[in-house]
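Q: Before anything else, here's the structure in question.
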Amino acid sequence: MRILVKGAGVAGLTVAWQLYRHGFDVTIRERAEKAGAGASGFAGGMLAPWCERESAEEPVLTLGRLAADWWEAAVPGHVHRRGTLVVAGGRDAGELDRFAGRTSGWEWLDDAGISALEPDLAGRFRKALFFRQEAHLDPRKALSALTAGLEEGRMRFLFGQVGEPNEDRYDRVIDCTGASRIGHMPELRGVRGEMFYLETGEIKLSRPVRLLHPRHPIYIVPREKNRFMVGATMIESEDAGPITARSLMELLNAAYALHPAFGEARLAETGAGVRPAFPDNLPRVTEDGNTIHVNGLYRHGFLLAPAMAGEVARRLVAQQQQPERRAS
């Protein structure tokens, strides 16, 4: 069965990888000149289903808890299983109790426990929640590795492709074009997310740290070469323009509250992306004629894309076996 996957973001690449593993002949078509050029490239890369349960429905936990294993199998060495640390300032300490009440899989840490995990945060917070089972990855490196693996498997990439493809050449089309489907798919909307990278050698973190705040919660994810990804806003908007001054100031202030060393860090990069979402903020796999749509990953792209890819593969494998059953 010949398959065309439209879109080389996290949804398209995970679908392509899953279909490749099932022996399908896959072509990946992308308008940009490289994979992960859209919202996927601005993601935090946190594989944190227990933390996300604080504001998400139960399927985010049940579908996302195997994501770290999936990514480790697909791109070995890119998954860091160091858990997630959740902290709050003195006046916002009640936010930790609220967060704990809406989640599971955590353990309480006191100042000594925090210091043991993250020495550079010693003395800054009296207590924290530690989600030991969670993991993270660098989205750009992971997508690059996934692309390389597909190319080694002789899957075809068509980058820089504008206009509509000749879909008659393929048995099925998998549309993973994300926010470009807003206005074409019922109920699909855009949620703007803004982020930036800070660069400093004055502080080291080993795992994602979430700072709770009633108005401006943030997460900070360590990357290589003394870089930290700081994000992310959630704004009901389809504007994909540069980060706003307000968001930049709010996120910078929150990073400074986590540790004053971030006040002297270099602002290495800023970015914004539009994340497609349905009203329940859960992704969907839907069919329209010869096309299967995978969309609505919202803020859970790297966490839930493997589960969506598995659903697509199950459907196509079942459909491929139907003619064989009839023939027998």
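The values are calculated or read from the model by the stated rules, or taken from the named source; none is laboratory data. Predicted, not measured: the structure shown is a model, and the values here were computed from it. Don't worry about glycine lacking a Cβ; one is built from the backbone with ideal geometry, like all the others, and counts go over all protein chains shown. All accessible areas refer to the heavy atoms of the entire protein, side chains included, with ligands and DNA or RNA removed. Shrake-Rupley method; radii C 1.70, N 1.55, O 1.52, S 1.80 Å.
Q: List, in order, the whole-Hz ³J(HN,Hα) value for each residue of region 130-138 obtained from phi through the Karplus relation with A = 6.51, B = -1.76, C = 1.60 and θ = phi - 60°; use x for Gly and Pro.
A: Result, ordered by residue: 10, 9, 5, 7, 7, 8, 8, 8, 8 Hz.
Q: Turning to a different aspect of this structure: Can you bin region 83-184 into rounded, prolate or oblate? Criterion: square roots of the alpha carbon gyration tensor eigenvalues sorted a ≥ b ≥ c, rounded for a/c under 1.5, prolate for a/b above b/c, oblate for the rest.
A: prolate
Q: In nm, what is the difference between 0.36 nm times the number of residues separating Asp280 and Arg169 and their Cα-Cα distance?
A: Separation in residues times 0.36 nm, less the Cα-Cα distance, equals 36.4 nm.
Q: While we're here: Find the relative contact order for the chain and round it to a whole percent, using C-alpha pairs within less than 8 Å whose residues are 6+ positions apart. Kindly include the intermediate steps, with their values, before the conclusion.
A: On the way: 678 pairs, mean separation 81.7, N = 328.
Relative contact order comes out at 25 percent.
Q: Among the lysines, select those whose C-alpha is under 27 Å from the C-alpha of Lys127, and discard any that sit fewer than 8 residues away in the same chain.
A: Partners within reach: Lys204.
Q: Can you tell me the Rg and Dmax of region 26-104, counting just the alpha carbons, in angstroms?
A: 16.5, 53
Q: Can you list the HN-Hα couplings for region 301-312, worked out from phi with the Karplus curve (6.51, -1.76, 1.60; θ = phi - 60°), rounded to whole Hz and with x for Gly and Pro?
A: With coefficients 6.51, -1.76 and 1.60, one gets x, 6, 6, 9, 4, x, 5, 5, 5, x, 5, 4 Hz.
Q: So for the pair Arg98, Thr291, with labels modelled 7 Å out along Cα→Cβ, what separation do we get in nm?
A: With each label placed 7 Å out from Cα toward Cβ, I get 4.1 nm.
Q: If you don't mind, another one. Amide H neighbours of Ile28 under 5 Å, at least 5 residues apart or on other chains, H built in the peptide plane: list them.
A: Val5, Arg156, Phe157, Leu158
Q: Here is a follow-up. Please report, to one decimal in angstroms, the Kirkwood hydrodynamic radius of region 124-204 built from all distinct Cα-Cα pairs.
A: Radius from the Kirkwood sum: 18.4 Å.
Q: With the crude spin-label approximation of a point 7 Å out along Cα→Cβ, what separation in nm comes out for Ala148 versus Glu58?
A: 4.1 nm
Q: Tell me, what is the Rg over Rh of region 237-328, with Rh the Kirkwood radius over Cα pairs?
A: Here Rg/Rh amounts to 1.24.
Q: How large is the helix-only mean residue ellipticity at 222 nm for the chain, computed as the sum of -39500 (n - 2.57) over DSSP H runs with n ≥ 4, divided by its residue count, in deg cm²/dmol to the nearest 500?
A: -9500 deg cm²/dmol
Q: May I ask you to derive the relative contact order of region 56-168, considering only C-alpha pairs under 8 Å and at least 6 residues apart, and to give it as an integer percent? Working shown, then result.
A: Numbers: 105 pairs, mean separation 34.4, N = 113.
Normalised by residue count, the contact order of region 56-168 is 30 percent.
Q: In whole Hz, what ³J(HN,Hα) sequence does region 269-279 give by Karplus (6.51, -1.76, 1.60; θ = phi - 60°), x for Gly and Pro?
A: 6, 10, x, 8, x, 9, 9, x, 8, 8, x
Q: Report the one residue of Gly113, Thr270, Leu258 whose Cα lies farthest in the direction of the positive end of the charge dipole of the chain (charges on C-beta: Lys and Arg +1, Asp and Glu -1; origin at the Cα centre).
A: Checking the options against the dipole of the chain, the answer is Gly113.
Q: To continue, here is another question. Nothing charged except the Cβ atoms of Lys and Arg (+1) and of Asp and Glu (-1): what's the magnitude of the dipole of region 236-323 about its Cα centre? Round to the nearest 20 debye.
A: For this selection, approximately 260 debye.
Q: Could I ask something else about it? Would you please classify the overall shape of region 138-182 from the alpha carbon gyration tensor, given that a ≥ b ≥ c denote the square roots of the eigenvalues, rounded means a/c under 1.5, and beyond that prolate means a/b larger than b/c while oblate covers the rest?
A: Because a/c hits 1.5 or more and a/b fails to exceed b/c, region 138-182 counts as oblate.
Q: Can you compute the charge dipole magnitude of region 43-93 about its Cα centre, using +1 on each Lys and Arg Cβ and -1 on each Asp and Glu Cβ, nothing else charged? Give it in debye, rounded to the nearest 20.
A: In total the dipole reaches around 220 debye.
Q: What does region 132-255 give for Rg and for Dmax, in Å, if only its C-alpha atoms count?
A: Looking at region 132-255, its Cα Rg and Dmax stand at 18.8, 56 Å.
Q: Also: Dividing the convex hull volume of the Cα atoms of region 186-309 by its residue count, what figure in Å³ per residue is obtained?
A: Convex hull volume per residue, Cα atoms: 130 Å³.
Q: Could you work out how much longer the chain between Glu187 and Asn253 gets when fully extended? Use 0.36 nm per residue separation minus the Cα distance between them, nm to one decimal.
A: Between Glu187 and Asn253, full extension yields an extra 20.3 nm.
Q: Heavy-atom accessible area of Thr286 with all protein chains present, probe 1.4 Å, nearest 10 Å²?
A: Taking all protein chains as shown, Thr286 has close to 50 Å².
Q: Here is a follow-up. Which aspartates and glutamates have a Cα lying under 15 Å from the Cα of Lys6, excluding residues fewer than 8 positions away in the same chain?
A: Qualifying aspartates and glutamates at Cα under 15 Å: Asp25, Glu30, Glu33, Glu164, Glu167, Asp168, Asp171, Asp175, Glu287, Asp288.
Q: Using the Cα atoms of region 157-226, I'd like the radius of gyration and the largest Cα-Cα distance, Dmax, both in angstrom.
A: 19.9, 56
Q: Here's something else I'd like to know. Calculate the dipole size of the chain relative to its Cα centre from +1 charges on Lys and Arg beta carbons and -1 charges on Asp and Glu beta carbons; express the result in debye to the nearest 20.
A: Using only the charged Cβ atoms, the result is roughly 360 debye.
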